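Q: Take this structure, written in structure tokens, and hold onto it; I'll ask about it next.
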Amino acid sequence: MIRPLVTLILVSVFAMAILYVDGPGLMRDFAQRNARLVPASDLKVEEASCTSHWWIVSNCSIRYTAPQAQAKQFSISFSVFGTLGGERFRLLRAPDNRVTTDIAMAKLVNRFISMTVLMGLFAAAGFVAFRRAVEAV
């Protein structure tokens, strides 16, 4: 009885964490997919890193500052299936001043598929855990 409930709680927490971390960036970039993006040469990259986990998923995080923002830092993060293999990125700006990267836009379909697959796996695991919890009662 307790094991399925713990599994259900963990699956829910991991799903919410992934939606919280990757969801807003994916929605931002999906909304900009047809926008006229231009290089944001006035922005200064403070730190950038991409980490590959077992060559299955890569997470990238980029922190940058804008000169007009008085030393305030902004960040972009995204995850993709596969490795990025040391690709260089460039910050891009949309007409409404939202910022993204060329790699994030180039891997938009990959990011959407990875989010969909992960949510599907979590939903399936949650369903199985919920069903076992109900059967145990």
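The values are calculated or read from the model by the stated rules, or taken from the named source; none is laboratory data. What you see is a predicted model, and the numbers here were worked out from it, not measured in a lab. Every residue, glycine as well, gets a Cβ built from its backbone with ideal geometry; the counts of neighbours run over all protein chains shown. Accessible surface areas use protein heavy atoms only, side chains included; no ligands, DNA or RNA. Shrake-Rupley method; radii C 1.70, N 1.55, O 1.52, S 1.80 Å.
Q: Mind ranking Val99, Val128 by accessible surface for me, highest first, 1.4 Å probe?
A: Reading off the accessible areas and sorting them downward yields Val128, Val99.
Q: Rounded to the nearest 10 Å², what accessible area does Leu43 have for a 1.4 Å probe in the complete protein model?
A: Here the accessible area works out near 20 Å².
Q: Roughly how many debye, to the nearest 20, is the charge dipole of the chain about its Cα centre, given +1 on each Lys and Arg Cβ, -1 on each Asp and Glu Cβ, and no other charges?
A: About 120 debye.
Q: Follow-up. In square angstrom, rounded to the nearest 10, how much accessible surface does Met119 have for a 1.4 Å probe?
A: Met119 exposes around 40 Å² with every protein chain in place.
Q: Same structure, new question: What is the local net charge at Ala31, summed over the other residues whose Cβ is closer than 12 Å to its Cβ (Lys, Arg +1; Asp, Glu -1)?
A: +1
Q: Would you list Ile18, Ile2, Ile113 from the most to the least accessible area, probe 1.4 Å?
A: Of Ile18, Ile2, Ile113, the descending order of accessible area is Ile2, Ile113, Ile18.
Q: Expressed in nm², what is the orientationally averaged projection area of the convex hull enclosing the Cα positions of the stretch 45-137?
A: One quarter of the hull surface, i.e. the mean projection, equals 8.9 nm².
Q: Same structure again: Pairing the Cα long axis of helix 108-136 with the longest principal axis of the chain, what angle in degrees results, from 0 to 90 and rounded to the nearest 10?
A: 20 degrees
Q: Taking +1 at the Cβ of each Lys and Arg and -1 at the Cβ of each Asp and Glu, which of Val128, Ile2, Ala94 sits farthest along the dipole of the chain towards its positive end, judged by Cα position relative to the Cα centre?
A: Ala94
Q: Rounded, prolate or oblate: which fits the stretch 22-67, taking a ≥ b ≥ c as square roots of the Cα gyration tensor eigenvalues, rounded meaning a/c under 1.5, else prolate when a/b beats b/c?
A: Taking the square roots of the gyration eigenvalues as a ≥ b ≥ c, the stretch 22-67 is oblate.
Q: Related question: The chain: longest stretch without exposed chymotrypsin sites (Phe, Trp or Tyr not before Pro) (DSSP loop, at most 14 other Cβ within 10 Å), sites themselves excluded?
A: In short, 56-137.
Q: If DNA, RNA and ligands are ignored and the probe is 1.4 Å, what is the ranking of Arg63, Arg111 by accessible area, most exposed first?
A: Sorted descending by solvent-accessible area, the residues read Arg63, Arg111.
Q: Within 12 Å, Cβ to Cβ, of Ala94, how many net charges do the neighbouring residues add up to if Lys/Arg are +1 and Asp/Glu are -1?
A: Computed value for this residue: +3.
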